[in-house]
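Heads up, the thing below is written out as structure tokens.
The values are calculated or read from the model by the stated rules, or taken from the named source; none is laboratory data. Because the structure is predicted, anything quoted here is derived from the model rather than measured. In this analysis, Cβ positions are derived from the backbone assuming ideal geometry, glycine residues included, and neighbour counts consider all displayed protein chains. Side chains included, ligands, DNA and RNA excluded: accessible areas come from the protein's heavy atoms. Shrake-Rupley method; radii C 1.70, N 1.55, O 1.52, S 1.80 Å.
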Amino acid sequence: MSMDWLPTLLAAAGTAPDPKYPSDGINLLPALTEGAAPVSRKVYWRYNGNSQRALRDGDIKWLKIRENTFLFDVVQDPLERANLKDRQPDLYRRMVQDYEKWDAAMLPGRVVGASGMRAGNVADHFGNESPAAPAKPQPQK
């Protein structure tokens, strides 16, 4: 995870993040150099493309893409083909509640178009504007 680079590189340099500016990540140096066991944790994310939202808790992943929602066991189903949300409704509801609780504590996400440009500033994609019809050459008189 990119959020883990800061604490890991600081630990490798023999220092730590400033306590006034704590990192969201964890130091992975023990796992990389000492063979330490993996650390279990929840990982949440938001991605503006397709309004994607997700939570990974152990082997389970809750995913929302636009209005479609999914629940996967990513170890048993690494290709994420078997949506478990109807087969495990209690787990599905818990994952949604966990995500919503986390999301409510975060800064609001930026509204951007599919191109990554801030919505309202430019067309969603360059070239989607209706160009004016090219002027037809006028016959010479």
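Here are the criteria: (1) open to solvent by less than 60 Å² (accessible area, probe 1.4 Å); (2) more than 18 Å from Glu80 (Cα to Cα). Tell me which single one Met3 does not satisfy.
Unmet for Met3, out of (1) open to solvent by less than 60 Å² (accessible area, probe 1.4 Å); (2) more than 18 Å from Glu80 (Cα to Cα): (1).
Please specify each residue of region 52-81 satisfying the condition of being part of a loop (DSSP other than H, G, I, E, B), at pLDDT 95 or above and farther than 24 Å from Pro38 by Cβ.
Arg81
Report every pair of residues separated by at least 6 positions or lying on different chains whose Cβ atoms are under 6 Å apart, first residue within region 8-20 and closer than 17 Å to Glu34 by Cβ, second of a type outside the set (Phe, Trp, Tyr) and in a helix (DSSP H, G or I).
Correct list of pairs: Thr8/Leu29; Ala11/Leu29; Ala12/Leu29.
From the set of residues in region 57-113 that are among the aromatic types (Phe, Trp, Tyr) and out of contact with any Lys or Arg (no Cβ under 7 Å at 6 or more places or on another chain), which is most open to solvent (accessible area, probe 1.4 Å)?
Filtering first and then ranking leaves Trp102.
Exactly one of (1) touching a Ser or Thr at 6+ places or on another chain (Cβ under 8 Å); (2) of a type outside the set (S, T, N, Q); (3) surrounded by 13 or more Cβ atoms within 10 Å (Cβ to Cβ); (4) not in a loop (DSSP other than H, G, I, E, B) is unmet by Pro17. Its number?
(4)
For region 26-46, give me each residue that is surrounded by fewer than 16 Cβ atoms within 10 Å (Cβ to Cβ) and out of contact with any strand residue (DSSP E or B) (no Cβ under 8 Å at 6 or more places or on another chain).
Pro30, Ala31, Leu32, Thr33, Glu34, Gly35, Ala36, Ala37, Pro38, Val39, Ser40, Arg41
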